[in-house]
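Visitor: Sharing a structure below in structure tokens format, with a few things to ask.
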Amino acid sequence: MSALVVDAGVVAAAFFRQTHTPAARSLLTGGQALYAPDLIWTQTAAALWKRFSLHELTATEVKALMCDVLRLPLQVLPSVDLAEAALDLALQLGQSFHDCLYIAAALRTEGRLITANAHLVHALIDTPLAQRVTWIGTT
């Protein structure tokens, strides 16, 4: 499993001062092939907008950060190609469709998901998918 899928939480951790910012930045700039479903753009833009709505960022900062995000070296997978598998996973696991898009991407690339979603990691710990999902705090 050499392919790595990253979620929007990892991207957010790289751009906003958080506990796992160094690990997220290292991962995103480490030169390894990184994948994500196209949902990552929507989720990242929503996180930026939330910071704007809380008056933590200006509109100019949000636009500049989104430009930086769009330049990340991600190989983006169309959600339409992952939707059926993601829905099956969501129904089977009781996890959100959005989270399962990332898991489906990991399965499609025969890799693993690096996530900032500790809840998801814990929910999958006793399933065969546990080996496909890694919390950013352990990378």
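The values are calculated or read from the model by the stated rules, or taken from the named source; none is laboratory data. Just so you know, these numbers come straight off a predicted model, no measurement behind them. With ideal geometry, Cβ positions are generated from the backbone for all residues, glycine too; neighbour counts draw on all protein chains shown.
Visitor: Would you kindly identify the helices (runs of 4 or more DSSP H) lying entirely within the stretch 19-118 that contain at least 1 residues that are over 24 Å from A130 (Cβ atoms) and either among the β-branched types (V, I, T) or modelled with pLDDT of 95 or more (or both)? Walk me through how you get there before you give the answer.
Guide: Working: elements: 21-29, 39-53, 59-70, 79-93, 97-108.
Correct list: 21-29, 39-53, 59-70, 79-93.
Visitor: Sort out which residues of the stretch 130-139 are touching a strand residue (DSSP E or B) at 6+ places or on another chain (Cβ under 9 Å), of a type outside the set (S, T, Y) and outside any strand (DSSP E or B), and write them in order of number.
Guide: Listed by number, the residues that qualify are Q131, R132, I136.
Visitor: Shifting gears a bit: Return only the number of the condition from (1) touching a residue at least 24 places away in the same chain (Cβ under 8 Å); (2) surrounded by 13 or more Cβ atoms within 10 Å (Cβ to Cβ); (3) closer than 25 Å to Q18 by Cα that D68 does not satisfy.
Guide: Of (1) touching a residue at least 24 places away in the same chain (Cβ under 8 Å); (2) surrounded by 13 or more Cβ atoms within 10 Å (Cβ to Cβ); (3) closer than 25 Å to Q18 by Cα, only one is false for D68: (2).
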